[in-house]
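The values are calculated or read from the model by the stated rules, or taken from the named source; none is laboratory data. Being a predicted model, the structure only gives us computed values, none of them experimental. Every residue, glycine among them, receives a Cβ derived from its backbone with ideal geometry; neighbour counts consider all protein chains shown. Accessible surface areas use protein heavy atoms only, side chains included; no ligands, DNA or RNA. Shrake-Rupley method; radii C 1.70, N 1.55, O 1.52, S 1.80 Å.
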Amino acid sequence: YLGSYEAVGIGNDVGFGDFGLGVAARARLAEPVGLEVSWGYHDQSFQDGSTRITEPLSASVQFFAVPWASVSPYALAGVTWTNRNYSDTYFDGVSQQTVQVNDQLFGPHLGVGLEFDVSESTSLNFEAKSISYLNVGPQDPSITGSLQGTMGLNLHF
């Protein structure tokens, strides 16, 4: 996809969002049903020594409302695995805190999207996904979910 933005929370209502890029492969099992696998790379600064990097890998089933139309809304559901590497500081409302993690989170996701046909072999899509992580540890200050928005250019083969 062309661009992605992931919003994640740490601590008490402290959040951040990082831009990302990625790739996705989608196959239509039937006209209204698709399968998609996507991988993204979100980085706080895209420079050496970045303090926040997340790499979500997702598998989704997509359900297209009007797959024959030039504009087609869809819903999706699936699972996300996210590699994350943080060495970041944040203010929790009382004092400055440091979070250091280098681990993987996993959990289900739900989302909605809109696909626009550009030509017979290309389309654009806009998607919003809510991810609920199941394995955030009790000592981890991260909230148990994230929101991800993507915009993509699809090439049809």
Within the range 52-157: Cβ-based charge dipole about Cα centre, in debye rounded to nearest 20 (Lys, Arg +1; Asp, Glu -1): 120 debye
Scattering from the C-alpha atoms of the range 103-145 alone, worked out with Debye: what is log10 I(q)/I(0) at q = 0.17, 0.23, 0.27 1/Å? -0.61, -0.78, -0.91
Under a plain spin-label model, where a point goes 7 Å from the Cα along Cα-to-Cβ, how far apart in nm are Ala65 and Ser121? 3.1 nm
Seen from all sides and averaged, what is the projected area of the convex hull of the Cα atoms in the range 21-134, in nm²? 9.0 nm²
Residues of the range 65-131: accessible area per residue with a 1.4 Å probe, Å²: 54 Å²
